[in-house]
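Undergrad: The structure under discussion is supplied below as structure tokens; questions concerning it will follow.
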Amino acid sequence: MVPGRWALALGLFAVAYGTNVSTPLLLLYERELGLTPWTVTALFAVYPLGLAPALLYAGPASDVLGRRPVIVPGLVLSALASMVMIAGADSLTLLFVGRFLLGAVSGLVFVVASAWMQELGSADPMWAARLTGLVMYAGFGGGPLISGALGEWGPSPLVTPYLVHLALIGAALAVVWRVPESVRRVPGRRIRPNLGIPAESRSVFVKVVAPTAIGVFGFPSLAFGLFPVLLRPAMESIAIFVTGIIGLLAMGAIVPAQAWVGRVGPYRAAPTGMALGALGCGIGLVAFATGYWWLLLVASVLMGVASGLSMTSGLRFVDLITRPDDRGALTGAFYAVAYAAMTMPLLVSTAARAVGFSAVLAVLTALGAALALSLSRSSRRAARAVGTAGLT
């Protein structure tokens, strides 16, 4: 491994771990603060709102200033976000602030670390995308598993899970300085917010990259942020721990998903991911309708595979169409769409006020299947445009 790459991986893992620490604990906040299901999904959904300014500036800023000057403050802010969550144990306002900060932090770190990892070089063009996804999803899965167990049975359940995250951030800050800087600063170049989408590739971004990005967090967010809330009565006293297991299963599914993308290419894997996400949503609907909460375990695996296929495919598409000077910006555009889809639980909860959860989830399942068919056609056209050799 290139010197310093393991240090960057640790920083990426620490931030990813912290983003999902609070997810199983939302059920605990619901009980302790007497929150409604809609408020719980709103707490989950405020996370991507913090991404907007971070995604707008993080990529372009790192293209100009360098990767490290953006990553290090992001790690510090990640620790600050956990401190706010600890202070917000009895304050809904602070919980919203903490979740917002977590979103801003992930926007800073994930975008820049993804671009930085790609620039550290490898003989395998898919290697960086797979490693980035693997490290992120290991953090995404480890966070809810450990916080779910600590939240269910550990001491100080609204404090201890965040202390684990703070320790990881401390370790990352101690070693991230060893990652070789990959950006050469050009005097006079300004930081201009942009999406980094080349004019000649705009159609590929709109028809392939953006829909693929929806699959990264759109359906999996339902597994984390909505289904456990809806099925909590059926899970009784183990709801918090089961939510952590759901997170682990979903994120653990990234490993086989990444291997599959490497074999068949992202232009085939992207629509498959969307189809599996729709299937997972349908199984979640059945679980809600019947009260068979264990079906969520099956749904979470499908949604995790869908997310892994979409993440690795999307980052590979970004790598193929980007210009070197705009890699950070275009990576940020990809993540902007991916994280916007994390508002799915709140959108479903809001629409369900009028027609009920079953109807909304049924429509969402059908829309996911339709988008998979559309993505299948558009990704094949994109494969012909860039050459299938570059997509394997």
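Undergrad: Choose one answer from 271, 345, 69: the residue with the largest mean-square fluctuation in a GNM of the chain with alpha-carbon springs under 10 Å.
TA: Among 271, 345, 69, the largest GNM mean-square fluctuation belongs to 69.
Undergrad: Given C-alpha coordinates of the range 250-297, what is the ratio Rg to Rh with the Kirkwood estimate of Rh?
TA: 1.10
Undergrad: What is the order of 319, 90, fewest Cβ neighbours within 10 Å to most?
TA: On the way: 319 20, 90 11.
Going from least to most buried by this count: 90, 319.
Undergrad: Need the C-alpha centroid separation for the range 245-321 versus the range 27-70, integer Å.
TA: 22 Å
Undergrad: Right, another one. Run lengths n ≥ 4 of DSSP H only: what is the helix-derived mean residue ellipticity at 222 nm for the chain, with -39500 (n - 2.57) per run over all residues, to the nearest 500?
TA: Numbers: 17 runs with 305 residues, N = 392.
Helices in the chain give a 222 nm mean residue ellipticity of -26500 deg cm²/dmol.
Undergrad: While we're on this one: If we count every other residue with Cβ under 12 angstrom of residue 42's Cβ, Lys/Arg +1 and Asp/Glu -1, where does the sum land? Could the numbers behind the result be given before it?
TA: On the way: positive: 99; negative: 30.
In short, 0.
Undergrad: Sorted from fewest to most neighbouring beta carbons within 10 Å, what does the list 339, 29, 292 look like?
TA: Details: 339 26, 29 22, 292 14.
Ranked by crowding around the Cβ, least crowded first: 292, 29, 339.
Undergrad: Same structure, new question: For the chain, set up a GNM with springs between Cα atoms under 10 Å and report which of 277, 170, 244 has the largest fluctuation.
TA: The residue with the greatest mean-square fluctuation here is 170.
Undergrad: Per residue of the range 72-78, in order, report the coupling 6.51 cos²θ - 1.76 cosθ + 1.60 (Karplus, θ = phi - 60°) as ³J(HN,Hα) in whole Hz, putting x for Gly and Pro.
TA: Here the 3J(HN,Hα) series is 4, x, x, 5, 4, 5, 4 Hz.
Undergrad: Below 13 angstrom from the Cβ of residue 346, what's the summed charge of the other residues (Lys, Arg +1; Asp, Glu -1)?
TA: Working: positive: 99, 353; negative: none.
Every neighbour counted, the sum reads +2.
Undergrad: Round to the nearest 0.05 the FRET efficiency obtained for residue 294 and residue 202 when R0 = 51 Å and r is the Cβ-Cβ distance.
TA: On the way: r = 44 Å, r/R0 = 0.87.
The formula returns an efficiency of 0.70 here.
Undergrad: Karplus couplings for the range 358-369 from phi (6.51 cos²θ - 1.76 cosθ + 1.60, θ = phi - 60°), rounded to Hz, Gly and Pro as x?
TA: Working through the residues one at a time gives 4, 5, 5, 5, 5, 5, 5, 4, 5, 5, x, 5 Hz.
Undergrad: A further question follows. Please check: in the Gaussian network model of the chain (C-alpha springs, under 10 Å), which one of 282, 59, 225 has the largest mean-square fluctuation.
TA: 282
Undergrad: Note the listed values (i) 43, 23, 19; (ii) 31, 26, 17; (iii) 44, 28, 19, then indicate which one is semi-axes √(5λ) of the Cα gyration tensor in Å calculated from this particular structure.
TA: Correct label, based on the coordinates given: (ii).
Undergrad: Next up: Of 305, 15, 64, how do they rank once you tally other Cβ atoms within 10 Å and put the fewest first? Please report the intermediate quantities before stating the final value.
TA: On the way: 305 27, 15 30, 64 18.
The most exposed by this proxy come first: 64, 305, 15.
Undergrad: Right, something else. Around residue 27, under 11 Å between beta carbons, what's the net of Lys plus Arg minus Asp minus Glu among the other residues? Provide the component values of the computation, followed by the final result.
TA: Numbers: positive: 31, 232; negative: 30, 32, 152.
Taking every other residue near residue 27 into account, the sum is -1.
Just so you know, all these numbers are worked out from the coordinates, no wet-lab data involved. What you see is a predicted model, and the numbers here were worked out from it, not measured in a lab. Please note: Cβ atoms are built from the backbone with ideal geometry, for glycine as well, and neighbour counts cover all protein chains shown.
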